[in-house]
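The values are calculated or read from the model by the stated rules, or taken from the named source; none is laboratory data. Given the structure is predicted, the values throughout are model-derived calculations rather than measurements. As a convention, Cβ positions derive from the backbone with ideal geometry for all residues, glycine included, and neighbour counts pool all protein chains shown. Keep in mind that these areas ignore ligands, DNA and RNA; they rest on the heavy atoms of the full protein, side chains included. Shrake-Rupley method; radii C 1.70, N 1.55, O 1.52, S 1.80 Å.
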Amino acid sequence: MSDIFYLLKLFYHKDKRNFIVFCTTSFLTAPILFSELFATKHVVDIIQNNNDYSYQYILSAVILLMLFLYIGSTNSSLKAISSTNLTITSIFELENSILMKTSRLALADIEDPLIKTKREMAKRLSLFGLLDQWTGFIVNLLTLITIIVVLSYYGFYYLVIIVCFVLILQLYIIKWASRKVENITQNQTSSVRVINYLVEILVSRSTIQEVRTYGMHHFLYNKLKNIFFKNFKQMQKKVILFESVNLSQNIINTLLNGVTITVLVVVLGGSSKSAGLFVILFQIINQLFILIPSIIKNFSELAVSRMRYKEYMSYMMLKEPETLDGNSSIRNNNSIQVQVNNLSFRYNSNSSETLKNINLTINSGERIAFVGDNGSGKTTLVKLILGLYNPTKGIVEWVDNGIVVNNRVGNIRVVFQDFIKLYRPIRENIALGNIEKINEDSNLKIVLEKAEADQFATNLDTLLGPQFGGNDLSGGQWQKLALARAYLNEGNLTIFDEPTAALDPYSEQKAFETFVKLGDKKTSIIVTHRLYMAKFVDRIYLFENGEIVECGTHQELIDKKGKYEKMYTLQSSLYL
Ligand SMILES: Nc1ncnc2c1ncn2[C@@H]1O[C@H](COP(=O)(O)OP(=O)(O)OP(=O)(O)O)[C@@H](O)[C@H]1O
C-alpha cells in the first residue's frame, strides 16, 4: 500500500486542484450511476401506476432523472480534463525524478548494464496510470459491493455467490498472467537497448563513414535482424498468453451473463413484482457484466503498474556516493594538494583491478605528468582524483590549507579525452566550464583566443551541429573549444587528459604553453603520450599495468635508464 500513499502525497503537492477534482469525480461515479438507476425505476413505476399520480409528479420524476444524467456527463467531462492535466504532471515528475537520481549516482553505477536496465524499467511506470488504476479499482469495488447488496436485498443470493466465485477465479488467473508477461518484458529490455544501439551505428553521422568504408552494413544488419526476431518471438509469446486469458474470460463472462438474465426472466417474469423492479435489476445485471471485465482489466493493469512502481522505487533507492553533494556554490580558487594513499580500483564489469596500490602526493602548485602505455590506468586515476569513481580500496583526498575538501564539483579546470560536443551556440559550449560567465562576452573571447579558437569562432552565438541546422567543426576545432571551456574555469586543480590529440603542431605547442602558464600557481596534471611535454613538469609518474613503476623529474628518469628513458629515446628518434 506504500505506493498509494506515495501517489496521494505526490499529486497533492504537485497539482492540488486537479488532484482534488480527479478524486471527487472518480468517487462520485458510483453514486451518480445508482441515482440514475433508481430514478429510472421510479419513472417506470410511475408510468406503470399512471392513474395514481398527477402529471406534475411524473414530470418532476423525469426532470430528476434528466438532472442525474446531466450531472453524470458533467462529472465524466471534469474527470477527463483533470486526468489529462495530471498525466502531464506525472510524465514530467517521472522523467525529472529519474534524471535527478541519475545525476546523483556514482559514475560506476551509471555505467553498470544492470543499473541501465533498472533505469529503463523504472521509466515504464506511469505515475498517473497507477493513481487512476487504484481509484478505478476502489470505485469498481464499491460499485460491485452496492450491486451485491441490491441483488441480495431482492433475494438473488445464489447469483451473488456465483459472481463472486467467477470473479475471484479470474483475478487469480490475471495476476498469474501479468507476472509472466512482466518477466518476458524484463528480458526484452536489454535486447531493445542493443537494437537501438545497432540502429544508431547504422544511421549516425559519426559512424556511417566507417560502416560504409569497411562494408560492415550487412554484418551489422544481420546482427540487428537476429536480435529483432528474438525480441519479436518474445512479443508473440506475450500476445498469445494475454489473448488466451482474454478468450477464456470472455467465454466465462458470456456464459454467466446468459445464466443470470435467464434466472431474472424466469423468477421475475411470472411474479407480480413491479416493472420498475424488473428494469432496475435488468440494468444492474447489465452493469455487472460491464463491471466484471472492467475490474479484471483494472486489476491486471494495477498488478503490472505496482511491479513497475517497485522497479522505479528500487532505482530511486540506489545508494548515492557521499562525496558528490552537487553544491557548486562553494567555488574557490585556492591551489590544493592531492593525496592518494594505498589506492586500488576495479571496474564493476572487470574481474581484475585496473589500478593497484597507488600512492602519490601532488603538492599545492605542482605540475605533474602521467605517462605510460595505453590501458595502463592513467585516465582511471584522473577520474578517481576527480571523485567520479570511488576507490575499491584506499583513499583519494583533496587538501586545501590542511583541510580536506569534500566538494569537488565546479572547482576543476579539466579537459577530458572524450569531451562534450554540445550542439548549441558557441557561447554555451564555452560557458559549460563556468555557467556564471555565460554573458561575459569579453571573458569568453579571451579564452577563445587563448585556445586558438578565435579564428573560426568569430561569433559567440553561432549555432553548432548540422543536425540542428548549425555549423560543423573539425575534430581539432572541437578540441580547441574544449580547451577554451577549461580556461574559463579558474578552479583549484587543472587536469588535461590528452588535450592535444587532434591539434595541429602549432596549436599543440600553444596549448601546452598555456597549460604550463596556468600551472604557475595551480596544481596541475597532464596525461600525455607526447613525452617532450613531460620535460617541463615538476614530476612524472610512469604507469604500467595499473601500477606506478617510475617516478621523478625528466632528468632523473633519463638518468635512471629505465622504461621512461627507452620510451623517450624511441619517440625522439621518430622526429630525427
Ligand atoms: N568504464 C569502464 N568500464 C570498464 N573498464 C574500463 C572502463 N574504462 C576503462 N576501462 C579499462 O581500464 C583500463 C585502463 O583504462 P584507462 O582509460 O585508465 O587507460 P589509460 O592509461 O588512460 O589509456 P590510454 O593511454 O589509452 O588513454 C583499460 O583496460 C580499460 O579497458
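In the set (1) over 25 Å from Ile88 (Cα atoms); (2) buried (at least 19 other Cβ atoms within 10 Å of the Cβ); (3) among the hydroxyl-bearing types (Ser, Thr, Tyr), Tyr157 fails one condition alone, (2).
Only a single criterion out of (1) open to solvent by 20 Å² or more (accessible area, probe 1.4 Å); (2) over 18 Å from Leu381 (Cβ atoms) is not satisfied by Leu531, namely (1). In the set (1) over 10 Å from Leu488 (Cα atoms); (2) surrounded by fewer than 18 Cβ atoms within 10 Å (Cβ to Cβ), Lys437 fails one condition alone, (1).
Checking each residue in region 104-114 for being more than 13 Å from the ligand (Cβ to nearest atom) and buried (at least 17 other Cβ atoms within 10 Å of the Cβ) picks out only Leu105. Applying the criterion of at least 1 residues that are over 22 Å from the mean Cα position of the chain (by Cα) to the helices (runs of 4 or more DSSP H) found wholly in region 52-166 leaves 55-104, 127-153. Those strands (runs of 3 or more DSSP E) of region 352-448 in which 2 or more residues are in contact with a strand residue (DSSP E or B) (Cβ under 8 Å, 6 or more places away or on another chain) and in contact (Cβ under 8 Å) with a residue 60 or more places away in the chain occupy 355-362, 367-372, 393-400, 412-415. Give the residue that is modelled with the highest pLDDT, with candidates limited to residues of region 188-209 that are polar (S, T, N, Q) and surrounded by 13 or more Cβ atoms within 10 Å (Cβ to Cβ). Here the residue is Thr207.
Within region 212-245, restricting attention to residues that are in contact with a helix residue (DSSP H, G or I) (Cβ under 6 Å, 6 or more places away or on another chain) and among the β-branched types (Val, Ile, Thr), which residue is modelled with the lowest pLDDT? This residue is Val245. Within 16 Å of the ligand (Cβ to nearest atom), hydrophobic (A, V, I, L, M, F, W, C), out of contact with any Asp or Glu (no Cβ under 6 Å at 6 or more places or on another chain) and open to solvent by less than 40 Å² (accessible area, probe 1.4 Å): is that true of Ile385 in this structure? Spelling it out, Ile385 is indeed within 16 Å of the ligand (Cβ to nearest atom), hydrophobic (A, V, I, L, M, F, W, C), out of contact with any Asp or Glu (no Cβ under 6 Å at 6 or more places or on another chain) and open to solvent by less than 40 Å² (accessible area, probe 1.4 Å).
I'd like the residue in region 521-548 that is part of a strand (DSSP E or B) and away from the ligand (no atom under 13 Å from the Cβ) and, out of all such residues, is farthest from Thr500 (Cα to Cα). Within region 521-548, the match that is farthest from Thr500 (Cα to Cα) is Arg539. When Cys551 is tested against (1) open to solvent by less than 20 Å² (accessible area, probe 1.4 Å); (2) within 30 Å of Asn350 (Cα to Cα), exactly one condition is not met: (1). Considering region 345-382, the residues that are away from the ligand (no atom under 13 Å from the Cβ) and among the small types (Gly, Ala, Ser) include one that is most open to solvent (accessible area, probe 1.4 Å), namely Ser364.
For region 488-511, a residue qualifies if it is farther than 26 Å from Asn406 by Cβ and either touching a strand residue (DSSP E or B) at 6+ places or on another chain (Cβ under 8 Å) or open to solvent by less than 10 Å² (accessible area, probe 1.4 Å) (or both), and the qualifying residues are Glu498, Pro499, Thr500, Ser507, Ala511. Which of the residues that make up region 1-30 are within 14 Å of Phe137 (Cβ to Cβ), touching an Asp or Glu at 6+ places or on another chain (Cβ under 9 Å) and open to solvent by 90 Å² or more (accessible area, probe 1.4 Å)? Those that are within 14 Å of Phe137 (Cβ to Cβ), touching an Asp or Glu at 6+ places or on another chain (Cβ under 9 Å) and open to solvent by 90 Å² or more (accessible area, probe 1.4 Å): none in region 1-30.
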